[in-house]
Amino acid sequence: MSFSFSPSRKIFKRLTFVLMTCVAFTMVCRPQPRAVIAETLPSSFKSFESPQVHPLALTPDGSKLLAVNTPDHRLSVFQLTGEGPALVAEVPVGLEPVSVAARNDREAWVTNWLSDSVSIVDLTTGNVVRTIDVGDEPTDVVFAGQQHEMAFVCVSGLSQVKAYNPDSPADGPQVISIRGKQPRALVRDASGARVFVSVFESGNKTTVVSANQVKAAGGPPKASPKMKKLPPAPDVGLIVKWDGSNWADERGNTKWNALVPYTLADVDLVVIDATQSAPRIQSEVKGVGTHIGNATFDPAGNRLYVLNIEAHNEVRFEQNLSGRFTTTRVSLVNFGSSVPNSTAVNLNSDIDLNVPEGSNAERALSLALPADIVRGADGTLYVAATGSAKVSVLDPGGAVQARINVGQGPTGLTIDEARQRLYALNRFDETLSIVSLKGRTEVTRIPVGFNPEPQSVREGRRFLYDASLSAHGDLACASCHLNGHRDGLAWDLGNPRGKLQSVNGIGVSVFHPMKGPMTTQSLRGIIGNEPLHWRGDRSSLSDFNPAFMSLLGGPRELTADEMTAFTAFTQTLTYPPNPNQNLDRTFPNPPTGPSAERGRQLFNTGALDGGLLSCNACHAASPGFRSGTNNLIIPGLLLQESQDFKVPQLRGVYQKLGLQDSVDEQLSGFGFIHDGSIDTLLDFLRLPVFTFRSDNDRRDVEAFVLAFDSGLAPAVGLQVTVNGDNKLSPAVAERINLLMAQANAGNCDLVVKGIYGGAHRGSVYVGNGMFRPDRQSESPLSFQVLMQAADSGSELTFTGTPVGYGRRLGIDRNGDGKLDGDE
């Protein structure tokens, strides 16, 4: 590896030794945390911001409207009458339900994002009759198939669609692997012959050339605007984009071809052939957009309307991206020819980017963060714009005809043709908007059900999503921090007209405003891990407040009270469990191949960093389950970088896979470290600064980092439903014993919900195999008693919950101290 400084290698080694000795001394003398938990400040309420995909559905006979109540982990069932929807049941399902589909008038399937499960609900009894483990982060379900009905479940975290026989789901699924990251939404054609899968994090054919490569190639393009009088900028990488035949920078220079051996798959849509008993991939569609959302099918035109956001991260510098870094679109994908073709329509054609400050009138018309799209019988399209509190009305060509004001954060839509109504689920205020299709206006708004979110969460969430705070009303923090997480891209938000910034760390770090590309970081778990950002150049969340004007281009920053609310909300953002851990929160240790458990031991005790420090000295993992950072800023000289960087946390690293620096199509253009320029963790661990004995040790540490504890145990969300078919199954008993053991260990709480003694009841685990029921007068029940009571028509579902959630979710839903069975 070449370096960007002039001392001889001998002097460099001496400087490195001195610096590492100082760092080692700092590590040893630094007080250890008293609590064996992640450094992140705890919050009694956890927000997962799980992506609602299809949160509304009508039963085929049109008599019931089904709505997921994500924060309360229930399915709300509304009886549809002439007076409007009437809430008749609230069915406990898995944790963080995000989609629902009605198989028939009696049965509904609910995908539970945090529980990694599907709940099969009997709408007659109002109870879950079966739970299917489907894998990491399921997002959607649709029923299709021509020879026989199949339930297609999108499992986002596994990049799979699983097809189940709905009459016998225990038989196991057929698995269709999707060539893309985070497939998310499903839709079928009119006959059920095709299922369309949208790939949320498909990318936009951008990647990064490393700083050393850019320097060797003569440096990056000249800055525009011209850099003011400052010291020379640090050596940084450069984002390039595939133009169809070459890797080009923002000025069209293609000299980067020789430095990027791969191309990018850019698979936006996958078409599954469901005509046969074994579904298979029929085709892949590219060039639709960067982040692909919901779609709706037009049978008359044999085309798909696909919501998407196009990112412009190939453009450098904050000034050039201000108020214009993404475009909100609907793409018309036509399947009439042998090769599907796509045409994108800008949903904000009224925006005038030549007026950079925008206007209130423009912001009032704009649509941001499109979430759901449905098509009426007359061909009219309706789009839920989460960041704009609107539903837009489109003509068949995709042009906006009208805008309907609804509640805050609309995410889901469904059309009731018989009653000429449109229903919109508003996630932020947990309401349903009932809209007249003829009048194109909201008629009334009703609660989805009980909302357990604290007022601070409800008030602070707005500032993540609210696009009215941007220049043109089409951008928000969530445009990049999607669902409070990240977009899988790198952005160069340097400022050629900026100033140097000094920050105290191990020494004094002087940061140049020309910082180069940096991958978007998650907002999950950041409060309590200050300083923030890759360089540690933000002391708190409030230091990002200027971005509401400088990057979003908005008319103002947040007030002090608004920033306090935003911080309180952000503090609740929580990582889901790492799916690569064992269910008992241990690490995989197979007899052959990479071992995360061996990697854990090397990570914590091996002097692998320059022969002086363990990985754990900086990437704090032990004692306990910590976030993977000691929050110190490390000198660039020690890192062999041209800038100082904060030690990054390691939760969620497993989601950054998808790049291999080899001649082939890759799923992602960005890998590891601050700019995403290192393709794999294995290659990162091969850097000269590390002193491993062999690649086998490196692979063990890689396996550990990919299984790094997120701060939430794998038992959280874990479920099993006991019914008449499986109550004697050893696997069911094993699952419940695991959940009780994890509750005893303090890794989760455990609740039971279902029909017991002929009534809808709940219980919470209190230890020693005993469960407290939801009536004050009743004595605790043993695990054996509950198992014996479970049967067909009296199914009971056991669910692991976050610690501290058990009482509310099990026996005191509204937290008023009066048990549910007594109310």
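The values are calculated or read from the model by the stated rules, or taken from the named source; none is laboratory data. Everything numeric in this text was worked out from a predicted model, so none of it was measured. Cβ atoms come from the backbone with ideal geometry, glycine included; neighbour counts cover every protein chain shown. Surface areas here come from the heavy atoms of the whole protein model, side chains and all, with no ligands, DNA or RNA. Shrake-Rupley method; radii C 1.70, N 1.55, O 1.52, S 1.80 Å.
Overview of values
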| read-out | value |
| --- | --- |
| Projected label distance in nm at A607 and D816, using a 7 Å step from Cα toward the beta-carbon | 6.4 |
| Point-charge dipole on Cβ atoms (K/R +1, D/E -1) for the chain, about Cα centre, debye to 20 | 2260 |
| Sites S622 and A560 - FRET efficiency at Förster radius 41 Å, r taken between beta-carbons, to 0.05 | 0.60 |
| Cβ-Cβ FRET estimate between S539 and L687, R0 fixed at 30 Å, reported to 0.05 | 0.55 |
| Cα centroid separation - the range 237-252 against the range 461-533, whole Å | 24 |
| Relative packing of peptides 661-674, 272-285, 134-147 - highest average C-beta neighbours within 10 Å first | 134-147, 661-674, 272-285 |
| Extension gain (nm, one decimal) between A364 and R440, 0.36 nm per residue minus Cα-Cα | 25.7 nm |
| Computed [θ] at 222 nm, helices only, for the chain once each DSSP H run of length n ≥ 4 contributes -39500 (n - 2.57) | -4000 deg cm²/dmol |
| Of I634, I678, V285, farthest towards positive along the dipole that unit charges on Lys, Arg, Asp, Glu beta carbons give the chain | I634 |
| Extended-chain gain in nm, criterion 0.36 nm per residue less alpha-carbon gap, L583 and S777 | 66.3 nm |
| Over 20 Å between alpha carbons, listed pairs K215/K656; K222/K499; K228/K255; K181/K515 | K215/K656; K228/K255; K181/K515 |
| Furthest towards positive pole of dipole, F548, L475, H533, structure part the range 450-567, Cβ charges | H533 |
| Simple Cβ-charge dipole of the range 320-468, Lys/Arg +1 and Asp/Glu -1, about Cα centre, in debye nearest 20 | 140 |
| Charge dipole magnitude, Cβ of K and R +1, D and E -1 - the range 270-399, Cα centre, debye nearest 20 | 240 |
| For the range 663-792, with +1 on Lys and Arg beta carbons and -1 on Asp and Glu, the positive-most of Q666, G767, V705 along the dipole | G767 |
| Burial ranking of peptide ranges 296-302, 598-604, 225-231 (average Cβ count within 10 Å, highest at the top) | 598-604, 296-302, 225-231 |
| Where the chain is the region considered: accessible area per residue in Å², 1.4 Å probe | 38 |
| Segments 412-418, 423-429 sorted - mean Cβ within 10 Å per residue, highest first | 423-429, 412-418 |
| Solvent-accessible area of W242 with every protein chain in place, 1.4 Å probe, in Å² to the nearest 10 | 60 |
| Length gained when the stretch R251-N341 is fully extended (0.36 nm per residue, less Cα-Cα span) | 29.6 nm |
| N696 paired with Q420, simple spin-label distance in nm, labels 7 Å along Cα-to-beta-carbon | 7.5 |
| Inter-probe distance in nm under a simple model that places probes 7 Å from Cα toward Cβ, at D664 and H148 | 3.6 |
| Apportionment of accessible area to carbon and sulfur, the chain, percent (1.4 Å) | 51 |
| Calculated FRET efficiency for the pair T275/E823, C-beta based, R₀ 45 Å, to 0.05 | 0.30 |
